[in-house]
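Beneath this line is the structure, given in C-alpha cells, with notes to follow.
The values are calculated or read from the model by the stated rules, or taken from the named source; none is laboratory data. Since the model is a prediction, treat every value here as computed from it, not as a measurement. Please note: Cβ atoms are built from the backbone with ideal geometry, for glycine as well, and neighbour counts cover all protein chains shown. These accessible areas exclude ligands, DNA and RNA; they are computed on the full protein's heavy atoms, side chains included. Shrake-Rupley method; radii C 1.70, N 1.55, O 1.52, S 1.80 Å.
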Amino acid sequence: MSKHSKRKTSNTIRFIAVTAGVGSLVGAGAVVNAGIAGAQSWSASCNWEWPVNGSLSQGYHGGHDGVDFAVNVGTVLHAPTSGTISVAGPNDPGGYGTYIQLEADSGEQIQMGHLSETWVGVGEHVQVGDQIGATGNTGSSTGPHLHLRIHSGGAVDPMSFLSSVGACDTGAGSAPAPEPVLAAAPAPEPEVVSAPEPELAAAPEPETAPEPAPEPAPIVEADVTEPSPVESISEEQAPVSGESVVVSAGDTLFGIGAERGLTWQAVWDLNPQIVDPDQIFVGDVINL
C-alpha cells in the first residue's frame, strides 16, 4: 500500500441514471444510459459525494449488486463519505483485485474495487472527499473501471442511494483550501543620513629650491682640414707610359691613376672610349 497526499478536486458534471427504479428495469449485463445531475457547489452539509466523475457502464441488477463507472486507470478516487478504512490493498485477486472498504460513520459499508493504488491504511479515518486511491483494472475486470457497492441493511443500488442522500459532485464535499494571507510588507526603516565629515585642507608641500642649471659644456671646434683641391693636369703635362690595364673588380679611374701618379682626369683623357668616368666595367682595357 502506498500513502498519497490528500488533495481535493472539483467537478461540475456527474453522470447518473435518471430512470426511476433502475434496479428493476435493467437486465443482467445491461448498460444504463447516463443522465447529467445538476451541479451542486461546495457546502458544509455535503456528507456524501460521488467517488468519481465518469459514465455509468453497468448498473445495479440481479447478479451485479453494485454499479460500474468507466474511468481511465489512475483516476483519483474520493471517499464518498466520512468513515474508517477496514480494508485497503490487493486482497481479492480473483474478484475485486485491489480494493478499499470503508465503514461509514453513518453505518453503511462501502466497497470500491479494481483499483490501481490505495493511498490509505486500515484503521485510518477519512473525511468525505478525501483522495484515498486511484482507479484501475485489477482483479476480475473486463476494462478500466470503478466498481462501487453499498450495503445499508443489505446491498442497495448505489445510484439511487447517492441520489437520495443528495450526494455532491466529485470533490465538492471538501472545503476549498483557504486563500493564503499575504503578510504585510514591513515598513522601511528610516534612512539615517550621516553628516558629511569636514574636509581637511591638504598641508602645503615644502618648496624645493630649484637645482642650479648645469653649466654648458665648452664647445670644442673640430679641426676639420679641408682637402686640398686637386689640380688638374693638362693633357700636355700628363705622363704617358704606353701601359694598359685590364679593369678588375673594385677598380676606379681614381685608383688606377693614383697608383701611377696620374689624376683620374688624365686617365679619362687617355681613354676616350669611356663615356662616364664613374662607370668602368670589369674586363675593360684602360690605356695609360
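In order along the stretch 149-163, the phi-based Karplus estimate (6.51 cos²θ - 1.76 cosθ + 1.60, θ = phi - 60°) of 3J(HN,Hα) comes to 10, 10, 10, 9, x, x, 5, 10, 6, x, 5, 5, 5, 5, 5 Hz; Gly and Pro are listed as x. Remark: spin-label model distance Ser55-Val165 equals 2.7 nm, labels positioned 7 Å along the Cα→Cβ axis.
By accessible area of protein heavy atoms, probe 1.4 Å, what ranking do Trp264, Trp50 get, highest first?
On the way: Trp264 90, Trp50 5 Å².
Greatest to least solvent exposure: Trp264, Trp50.
Taking amide H positions as modeled 1.01 Å from N, with prolines and chain starts lacking one, the residues under 5 Å from Val128 and 5 or more places away or on another chain are Ser82.
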